[in-house]
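Some notes on the structure that comes next.
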Amino acid sequence: MHHFDYKDGILHCEDVSLEKIAEEVGTPFYCYSQATLSRHFRVFDDAFKDIDHLVCFAVKANSNLAIVNELVKAGSGCDTVSAGEIFRALKAGCDPKKIVYAGVGKTESEIEYALKSGVLMFNVESSQELFAIDSVAARLNTKARVALRINPDVDPQTHPYISTGLKENKFGFNINTAIDEYRLAAKMDNLEIVGVHQHIGSQITMISPFVDALSRLLEFVVKLKDDGINIKYINLGGGLGITYKDESPPLPAELAKEIVPLLKDSGCTIVFEPGRMIVGNAGVMVSRIIYTKKNEGKTFYIADAGMNDLVRPSLYNAHQAIQPVSQSAAQRKKVEADVVGPICESGDFLAKDRVLPEFKKGELFAVMSSGAYGFTMSSNYNSRRRVPEIFVKGDRYDIIRERESMEDLIRGEKIPV
Ligand code: LLP
């Protein structure tokens, strides 16, 4: 469910015409809907109202201050994976006691920053990291709250690049030996064990991998208890998928129906780290077709946005719907075409072999479902300026990130004398 619909023949975000934004701000741009964002958060949060829980939005999905702030105002915490994301979460007004900090490669300076910021807990991924956190905490004369990330060896049946809970993945501690790591952590003076963490993958469209992973995790929690290790938090990560094309992922309430009964008597606060589910369908990227051409009968629409602006199609061969901003274009005869960008690589496409309306030069289109892992994965490749981000609420819009300037492109660079 989202708030991008045609009104008077033009695609709108809530009550604002995307054509109007394009005229005033230029293209390409990202555009987010406040109503969609807050609705998704509410739907997720409400689904778990019967258990003590904390939703920590995965900042990597969309780290714009206005987006994070909107979610923080709705009660969200933040799941972070770098000092930079902790910085953003704090700037967006997040209570440090609602920030969890994960990632396989935390540096000592990042650990120090997190400790000084007072984050709720570290999600730890290796024994060397346990030693590193313990020693930084000792130096700062404090205790670090930790949860160990358990790798349950469950197949989330998603794209291999975004499946993380299989034993061949780099993430977490193997569930069969993790008890030893907990014993190790329990002996460290400057660590306080507060939880367990797991995250099995992203864009998961079935309930069963979540249930399987949770059942394994709960068996492990019992083992910990038997060992005298009592925890307060069970963090189940993120991963709930969205509809890009014809997937029908479970609704949060459907997931809750299966897993809440398993969690009810755990005595723990349950932490969730959804990213895509909250923000994915709350955003689109709008671009203009600058040229159309035919090569050997194949149609190419050359857009002013490319893989540097939205890399998911190139990187994962991800399908994201292309929707004309003008409804009259949507009703035109269809052709099979590629929508490509201006980058000097054949892998630079937004859509490949797609049945699309016959677009004309100069027309606008929206790449749907771009709110998650869209702008955050964009880059300056080909010295292209990163595009603006727009936030719509009802009939008003705000520029929540300016288009970069030429000067931005060379900021910090120096020619040695
Ligand atoms: N927690 C942890 C530890 C994670 O690694 C992730 C995502 C999340 C939570 C949020 O997962 P979500 O609810 O958004 O599925 N760039 C890829 C997705 C990478 C996901 C990485 N980890 C894409 O564009 O599809």
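Since every read-out is calculated from the coordinates, none of them should be taken as a lab result. Note that the structure is predicted; figures quoted are calculated from it, not measured. Backbone-built Cβ (ideal geometry, glycine too); neighbour counts: all protein chains shown.
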Fluctuation leader among ASP189, ASP79, ASP155 - the chain, Gaussian network, Cα springs under 10 angstrom: ASP189
Among GLN157, GLN203, GLN128: highest mean-square fluctuation, GNM of the chain, C-alpha pairs under 10 Å: GLN128
Inter-site label distance for GLU345 and GLN331 at 7 Å from Cα along Cβ, in nm: 4.0 nm
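So for the range 34-276, Kirkwood radius off the Cα pairs, Stokes-Einstein at 25 °C and 0.890 mPa s: how many µm² s⁻¹? Write down the numbers at each step before the final one.
On the way: Rh = 17.9 Å.
After rounding, the answer is 137 µm²/s.
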Hits among lysines - C-alpha to C-alpha of LYS73 under 26 Å, sequence gap 8 or more where chains match: LYS49, LYS60, LYS91, LYS97, LYS98, LYS116, LYS232, LYS393
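Given contacts defined as C-alpha pairs under 8 Å and at least six residues apart, what's the relative contact order of the chain, whole-number percent?
Working: 924 pairs, mean separation 81.8, N = 417.
RCO, the chain: 20 percent.
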Given charges at Cβ of Lys, Arg, Asp, Glu: the chain dipole, positive-most of VAL222, HIS2, ASN380: ASN380
Residues of type lysines that LYS298 reaches as a straight line, Cα spacing below 25 Å, ignoring anything fewer than 8 places off in the same chain: LYS245, LYS333, LYS334, LYS352, LYS360, LYS361
Distance (nanometres) between label positions extended 7 Å along Cα→Cβ at ILE399 and ASN380: 1.9 nm
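Pull out the extension gain between SER135 and ALA186, defined as 0.36 nm times the separation in residues minus the alpha carbon to alpha carbon distance; nm, one decimal. Let's see the in-between values first.
Working: separation 51, 0.36 × 51 = 18.36 nm, distance 1.41 nm.
Difference between extended and current length: 16.9 nm.
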Paramagnetic reach from ASN295 in the range 339-358 [backbone N under 16 Å; point 7 Å along Cα→Cβ]: 339-354
Fluctuation leader among LYS298, LYS352, LYS91 - the chain, Gaussian network, Cα springs under 10 angstrom: LYS298
